[in-house]
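S.K.: Structure incoming, see below.
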Amino acid sequence: MYHYTLDVFSDVLHWLQKGEYDAGVLDEFRSMALEGAEYCCNEGCEVVGQMKEFKVCPQCKTYRYCGAACQKQDWTTGGHREMCGTSASHGKRGE
């Protein structure tokens, strides 16, 4: 499963506004919205759900986690502490 960043969503909005888009990408976004996806930013987490079910990091408001355990692990060993609050903290794993 791909993990999309804010940049990708911006690109999709741009494509839609210009009328130039890849129907496959839009179908995948539609599927993610309906069926859920892996939105947890903790590397290796495979929890699938709706984006609204994942809690947002209270500091950067960009990274999402399925629960407190994943958030704590990403903070202590996953590198989010170093990225949180910086411009590099957009999306999953800085993609």
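Bear in mind that the values in this text are calculations on the coordinates, not laboratory data. All figures in this text were calculated on a predicted structure; none of them were measured in a lab. Note that each Cβ is placed from the backbone with ideal geometry, even for glycine, and that neighbours are counted across all protein chains shown.
S.K.: In nanometres, what is the gap between the two model label sites at LEU16 and ARG30, each 7 Å from Cα along Cα-to-Cβ?
M.R.: Modelled inter-label distance: 1.2 nm.
S.K.: At what distance in nm do the modelled label points of VAL56 and LYS72 sit from each other, each positioned 7 Å from its Cα along Cα→Cβ?
M.R.: Reported label-point gap for VAL56 and LYS72 is 2.4 nm.
S.K.: Same structure, new question: Would you please classify the overall shape of the range 45-87 from the alpha carbon gyration tensor, given that a ≥ b ≥ c denote the square roots of the eigenvalues, rounded means a/c under 1.5, and beyond that prolate means a/b larger than b/c while oblate covers the rest?
M.R.: Oblate, because a/c is 1.5 or more while a/b does not exceed b/c.
S.K.: Along the Cα→Cβ direction, 7 angstrom out, place labels at ARG81 and ALA23. What is the inter-label distance in nm?
M.R.: My value for the distance between the label points is 4.9 nm.
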